[in-house]
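All of the numbers you see were taken from the coordinates with simple rules; none came from a lab. Given the structure is predicted, the values throughout are model-derived calculations rather than measurements. A quick note on method: Cβ atoms are made from the backbone with ideal geometry, for glycine too, and the neighbour counts reach across all protein chains shown.
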Amino acid sequence: MSEAQPLLLLHGFLGQGEDWQPVCKALSPACHCLTPDLPGHGQARLTPGAQSYAAWVRHLAAFLDAQGVARTVVVGYSLGGRLALAFADQYPQRVAALLLVSAHPGLVEAEARRARRQQDARRAEAIRQQGLAAFLEAWYRLPIFGLGTPPQALLARRSKNDPEAVARVVAEMSPGVQPPLWEALARLPMPVGYVAGGRDAKYAALAHQMQKTQPRMKAWIFPQAGHMVHLDAPDALAKVIAEVCQWGNKAR
């Protein structure tokens, strides 16, 4: 393995590891970027049976074992951020520093969780009944992305996903299924950072809420970005990741 510092970057729902290429290019050669496709995305197939955050955490630990990486800085965007937080909670000794990007620690209230599960179950059924293209068009019009009309290049890239895998992930890995991780966030021993886009008002506000739970957490808000910070502002995000990697070096 390269002597460069290992850096694990986890993409979001509908994405794949190569989404991180602009960020990795900006970080080269200081970092050795590990950018796996999460289950059901890119080249990674879903296993039979229901998916779970616990299973994905084990999958991630096995991936790092296969790479010969015992401890690393972990960066996770959206769904990947939820997974990164769960991984840091289960394997704190393997995480030198953690950076969450547009990621939610989880819904706490039972009614909110139930409503989100139902909403995502309807989304999964819509994918099966109406097709992936219609779902993508509606998904990327959500206000958090700040896109207005979704770029055709983005829709084309995301349309390469397997529709049934997307349907399963949106239902089985729904935030309504995710165990709430606010208490985990509060007890994490490693340095933690958070990034949100200024055009994503929901997650920009969430950053401040999370700082109340984890006072040591440093937050950055990028005014020029929406939810997809790694695509909207890759160079600015790379600078933050470089700083977080320095935290990891000091924590070693």
Inset, instruction - Would you mind calculating the relative contact order of the chain from Cα pairs under 8 angstrom and at least 6 residues apart, reporting the percent as a whole number? - result: 23
Inset, instruction - Calculate one ³J(HN,Hα) per residue across region 128-137 by plugging θ = phi - 60° into the Karplus curve 6.51 cos²θ - 1.76 cosθ + 1.60, and present them in order as whole Hz with x for glycine and proline. - result: 5, 8, 10, x, 6, 4, 5, 5, 4, 4
Inset, instruction - For helix 163-172, report the angle its Cα long axis makes with the longest principal axis of the Cα atoms of the chain; keep it between 0 and 90° and round to the nearest 10°. - result: 70
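Would you calculate a helix-derived [θ] at 222 nm for the chain, using -39,500 (n - 2.57) for each DSSP H run of n ≥ 4 and dividing by the full residue count, to the nearest 500?
Result for the chain, helices only: -14500 deg cm²/dmol.
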Inset, instruction - Mind ranking 157-166, 236-245 by how tightly packed they are, going by the mean number of other C-beta atoms within 10 angstrom, highest first? - result: 236-245, 157-166
Inset, instruction - With an 8 Å cut-off on Cα pairs and a minimum separation of 6 or more residues, tell me the relative contact order of region 175-230 in percent. - result: 41
Inset, instruction - Under 19 Å from a label point 7 Å along Cα→Cβ of Leu155: give me every residue in region 14-57 with its amide N that close. - result: 14-15
Legend entry - Order by protection proxy (mean Cβ within 10 Å, highest first), peptides 70-82, 210-222: 70-82, 210-222
Legend entry - Label-point separation, Ala110 to Ala133 (7 Å along Cα→Cβ), nm: 4.4
Inset, instruction - Please give the residues of region 45-59, grouped as numeric ranges, whose backbone N is less than 11 Å from a label point set 7 Å along the Cα-to-Cβ vector of Ala66. - result: 45, 59
Legend entry - region 4-148, relative contact order in percent, only Cα pairs under 8 angstrom and at least six apart counted: 21
Inset, instruction - Take every Cα-Cα distance within region 96-252, group them into 5 Å bins from 0 onward, and report for each bin the whole-number percent of pairs it holds. - result: 2, 9, 14, 17, 19, 18, 12, 7, 2, 0, 0
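So for each of 61-67, 172-178, 225-231 I average, over its residues, the number of other beta carbons within 10 Å; can you give me the resulting order with the highest mean first? Please report the intermediate quantities before stating the final value.
Values: 61-67: 13.4, 172-178: 19.9, 225-231: 24.1.
In descending order of packing, they fall as 225-231, 172-178, 61-67.
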Legend entry - Helix 201-213 vs. the chain, principal-axis angle (Cα, 0 to 90°, nearest 10): 50
Inset, instruction - May I ask for the percentage of alpha-carbon pairs in region 131-223 that lie more than 15 Å from each other? - result: 71
Inset, instruction - Report, in whole Å, the centroid distance computed from the Cα atoms of region 176-250 and region 11-31. - result: 16
Inset, instruction - Show the residues, 5+ positions off or on another chain, whose built amide H is closer than 5 Å to the amide H of His104. - result: Arg82
Inset, instruction - Provide the gained length on full extension for the span Glu164 to Arg45, in nm with one decimal, where the gain is 0.36 nm per separating residue minus the Cα-Cα distance. - result: 41.8 nm
